[in-house]
Each structure stands twice: as C-alpha cells, then as structure tokens.
1. Scan (1) open to solvent by 30 Å² or more (accessible area, probe 1.4 Å); (2) over 26 Å from L140 (Cβ atoms) for the single condition R56 breaks and write down its number.
2. What are the residue pairs meeting all of these: first residue in the range 128-142, first residue touching a residue at least 40 places away in the same chain (Cβ under 8 Å), second residue of a type in the set (S, T, N, Q), Cβ atoms under 6 Å, and 6 or more apart or on different chains?
3. If you go through the range 63-94 one residue at a time, how many are among the small types (G, A, S) and assigned to a loop (DSSP other than H, G, I, E, B)?
4. Go through (1) open to solvent by 40 Å² or more (accessible area, probe 1.4 Å); (2) touching a residue at least 12 places away in the same chain (Cβ under 8 Å); (3) closer than 21 Å to P34 by Cβ one by one and return the number of the condition R105 breaks.
5. I'd like the full set of residues that are basic (K, R) and part of a helix (DSSP H, G or I), limited to the range 95-151.
6. Take the residues of the range 61-82 that are within 20 Å of H126 (Cα to Cα) and touching a strand residue (DSSP E or B) at 6+ places or on another chain (Cβ under 8 Å): which is modelled with the highest pLDDT?
7. With the requirement that a residue be of a type in the set (D, E, K, R) and more than 22 Å from T254 (Cβ to Cβ), what does the range 195-237 give you?
Amino acid sequence: MLTFYTTRRHAYTLKIFLRDWAGPRLRARVRVTPYESLRRPPKSPGDTAVFTDLERLTDSQLDAATIIAAAAAPRIVNDPRRTLRRFALLEAMSRSGRNRFRAFRAGEPIDEMLRFPVFLKREDEHDGPLFDLLHDADQLAWALTQADRQGEPIDRLLVIEFCETAGSDGFYRKYSSFRFGQKIIPAHVVFDSHWNAKTGFVPGDDLFAEQTRFLETNPHADETMAIFEEAAIDYGRIDYSFLDGTIQVWEINTNPVLIMPRKQYPQAYVPLREALALEIEEALLQLAG
C-alpha cells in the first residue's frame, strides 16, 4: 500500500487522479490519510508512507509527521526530518548560485541591497503573489501594511526578488516536472504573457509543438533530479524557468495536482494527459513496491 499523508483541505490532489485517470490496480493500493485525523502512528509497517504538504504543516503537524516517519522507516517518501521546505529551498538555490534571485522572510531584517522589483508570496501556499510587482521600498512597506490589515501572518510571507525570464517572443515559460522516487516525469509548460505564469493559455500550433517536445524528450530530467536530491524531496513537482540557459527554481510542491479533472482539458490536450496518466500510474505502482 501507498499511504499518502496530506492536509485535509488538499487531499483532492490525489483524489482527482484516482477518480478520473487511474485504473483499479492503483486505486486498490493507494490510501489518503489527513494529518488532522492522526492520533497515533499507523500499525501497517508494510505500507510506504508518502509525506506531502510539508510546506503547509503547522509545527504540531510537522512533529506528528516526524513521529510517523520514525515508525514507518525505512519505507518513507519525503522524510519530514530531511526535506527542504520552500524558504530553505530558495535559500539553498540562491546560495549555490543557481538562482539569480533571493528570498527573505517578511518578518525578519531584509538585506539593504534588496533588488527591486519584488513580490510578496505566502510561504505555505502555492497560490500566486499577494500583489503585483513592488518597485521600491515604499511600495513594499505599503504592501506589508495591506497584508497585515487583511490578516496575513507577516512571518509567513516571503519577499522575493523578481527574475525576468521572458523569452524573445515575449512569453514566459514555466516548466513543471514530477519526481516519483527515481523517476522524473515532465508535466507541462505554462505559456503566459504575464510574469506570474500561473495558468497561462492554450497555445497555438508552434507552442503546442514545443510543449509536446518537452513531454516527449524530458530534456531537463538530470538537472531537475539533482535539485530534488538537494532538497531531499522524493515525491513532488518542481516549477522552474530559465535565465541565460540556467534553471531558475520557483518552488517544489510536495502535494501537487497530478492531472486536473478530465473535463477541464481542451480535446487536443486529452491524448497528452492520458499518456501522462499512464506514466504516473506506473511510477506510483513502483513506489508502492
């Protein structure tokens, strides 16, 4: 069995895949358990425990996950005692020189050499920035004041330097790839005229062909695997772009949507998603052992 531990609010990520895309063999071998329902470590040592949503956990939930991990060893995926969560990952990527931008906690002193523009993002969620780009210290101060008034915990906000990655055609490309144990599977490319590149648009023939090549050739597998290894994350999705040929890592989501509901895809995308679903299902069955 594969036991996925998730926050209750985000258990849908796996349930969508199991409902819309997975076959009965996988559905019989996957169990989704919310952290909030746990009272004691599981009694099934033969299960493989997959810890997700690590960046979203409260301190008490992280403590509980650590206890479960100790009981489940050695069949652990995403050991909560080792994985780098979002801020630590961005720090590591900047410190190594890979990322050309830096991140700071909003509630802590910020380097006076902060490079504007910047944006504010929740450390424990995977939604977009709270505001558009902030171009100077006054705009940043205003945004922090507004966030505080809106009830945002300031110590859970990150101030992130903007990194310009638009291509020569004016489009931003956000690449995403999954890791399932020892396998990297390319997920998609988001094309967008806006820097956030959250959902993008349905591309025309040229960009559709570009996306298809990415899915078929998996060109960044070795480099993304190295980043997953550095982050000690065995299951998740990395989101990244390129600047001067170098990967710029935005985040690794440890509880990603594997594939959206089938009905949300244009017909032209369905064959690509069906092929991806087969790859994901096989990778999950391998994780289950």
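The values are calculated or read from the model by the stated rules, or taken from the named source; none is laboratory data. Please read all numbers here as calculations on a predicted model, not as lab measurements. Glycine also receives a Cβ, built like all others from the backbone with ideal geometry; neighbour counts cover every protein chain displayed. Only protein heavy atoms, including side chains, enter the accessible area calculation; ligands, DNA and RNA are left aside. Shrake-Rupley method; radii C 1.70, N 1.55, O 1.52, S 1.80 Å.
1. Going through (1) open to solvent by 30 Å² or more (accessible area, probe 1.4 Å); (2) over 26 Å from L140 (Cβ atoms) one by one, R56 breaks only (2).
2. Hits for this filter: G128/N196.
3. So the answer is 1.
4. Evaluating R105 over (1) open to solvent by 40 Å² or more (accessible area, probe 1.4 Å); (2) touching a residue at least 12 places away in the same chain (Cβ under 8 Å); (3) closer than 21 Å to P34 by Cβ leaves (3) as the failure.
5. At the first step, the residues of the range 95-151 found to be basic (K, R) are 95, 98, 100, 102, 105, 115, 121-122, 149.
R95, R149 - these are the residues of the range 95-151 that are basic (K, R) and part of a helix (DSSP H, G or I).
6. Initially, the range 61-82 is screened for residues within 20 Å of H126 (Cα to Cα), giving 61-62, 78, 80.
Adding the requirement that they be touching a strand residue (DSSP E or B) at 6+ places or on another chain (Cβ under 8 Å) leaves 78, 80.
Numbers: N78: 95, P80: 92.
If we take residues in the range 61-82 being within 20 Å of H126 (Cα to Cα) and touching a strand residue (DSSP E or B) at 6+ places or on another chain (Cβ under 8 Å), then N78 is modelled with the highest pLDDT.
7. Of everything in the range 195-237, those that are of a type in the set (D, E, K, R) and more than 22 Å from T254 (Cβ to Cβ) turn out to be D205, D206, E210, R213, E216.
This table checks each residue for (1) farther than 26 Å from S168 by Cβ; (2) in contact (Cβ under 8 Å) with a residue 24 or more places away in the chain.
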{"site": "A231", "(1), (2)": "yes, yes"}
{"site": "L243", "(1), (2)": "no, yes"}
{"site": "I252", "(1), (2)": "yes, yes"}
{"site": "V257", "(1), (2)": "yes, yes"}
{"site": "K263", "(1), (2)": "yes, no"}
{"site": "A268", "(1), (2)": "no, yes"}
{"site": "P271", "(1), (2)": "yes, no"}
{"site": "L284", "(1), (2)": "yes, yes"}
{"site": "G289", "(1), (2)": "yes, yes"}
